[in-house]
Amino acid sequence: MSKKRLHNTAAEHGDPFPYKGPLRRIDGRAPFNHYLWPLHDDWFWAYNDLGRRFSSTWNFSVVALADGRWIVEGFVKDDESAMEFFRSRETALRTAAARLIRMIRRARRWTGHNHVSAKDYPLLIAWTLEMVGRPARKVFIAPPPPPPPLPPPTTLLEIMERAP
């Protein structure tokens, strides 16, 4: 008897929680599972810059939307009025960084893996502020493909309508 798989992958069956709204990332990508991943240059991880002793907790990101707005959390809600949008990358970055700095300050009182020591505290704060000033790369957005050619005219009326 074969073992039945309990969980199917999203790739096999499409988006498990499809988003039907208008929001798209700047490159035209729609949310998958109601989540928009940031572009590479808009996601900052302390362990990439400061070393692996920093956990994945210490990161922040912003997502550029196709309509020119920005969000600081990738989760896209069906009710757009419940989301927080920003008009510029700088404002979104400052907001995301401020939230991370508040969490870093609280983490000085935590115990366990994500505790921030007195030695690491100024390092994480300085890294966060430095990332706010890091410029983003230009995103190349491919032009839309040309429309398909019209089928050949089949009636005299179509021939006359297409004549220059």
Computed ³J(HN,Hα) along segment 148-159: with the Karplus parameters 6.51/-1.76/1.60, θ = phi - 60°, integer Hz and x for glycine or proline, the list is x, x, 6, x, x, x, 10, 10, 4, 4, 5, 4
Which of V72, L156, F60 sits closest to the plus end of the dipole of the chain, meaning its Cα is farthest towards the positive end, when Lys and Arg get +1 and Asp and Glu get -1 on the C-beta? F60
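Roughly speaking, to the nearest percent, how much of segment 17-135's 1.4 Å accessible area is carbon and sulfur? If you can, show how the numbers build up before the last one.
Details: 3610 of 6840 Å².
About 53 percent, which is the carbon plus sulfur part of the accessible surface.
When the Cα atoms of the chain are enclosed in a convex hull and the volume is divided per residue, what value in Å³ results? Before the final figure, lay out the partial values.
Details: hull volume 40.7 nm³, N = 164.
Dividing the Cα hull volume of the chain by its residues yields 248 Å³.
What is the magnitude of the charge dipole of the chain about its Cα centre, with +1 placed on the Cβ of each Lys and Arg, -1 on the Cβ of each Asp and Glu, and no other charges, expressed in debye to the nearest 20? Before the final figure, lay out the partial values.
Details: 25 positive and 17 negative charges, 206 e Å.
Here the size comes out at about 980 debye.
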Just name one of P146, F44, A92: the one whose Cα is farthest towards the positive end of the charge dipole of the chain (beta-carbon charges, Lys/Arg +1, Asp/Glu -1). F44
Å² of accessible area per residue within segment 6-113, as computed with a 1.4 Å probe and no ligands counted: 61
Accessible area (Å², 1.4 Å probe, nearest 10) - L150: 130
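For the chain, calculate the relative contact order in percent as a whole number, restricting contacts to Cα pairs under 8 Å that are 6 or more residues apart.
That works out to 16 percent.
Just to be sure I follow the definition: excluding the sites themselves, where is the longest run in the chain that has none of the chymotrypsin sites (Phe, Trp or Tyr not before Pro) in a DSSP loop with at most 16 other Cβ atoms within 10 Å? Don't jump to the answer; show the numbers that get you there.
Numbers: sites that count: F85, W110, F140.
Answer - 1-84.
The values are calculated or read from the model by the stated rules, or taken from the named source; none is laboratory data. None of these values were measured; they are calculated from a predicted model. Neighbour counts run over all protein chains shown; Cβ positions are idealised from the backbone, glycine included. In case anyone asks, the SASA skips ligands and DNA or RNA and just uses the protein heavy atoms, side chains included. Shrake-Rupley method; radii C 1.70, N 1.55, O 1.52, S 1.80 Å.
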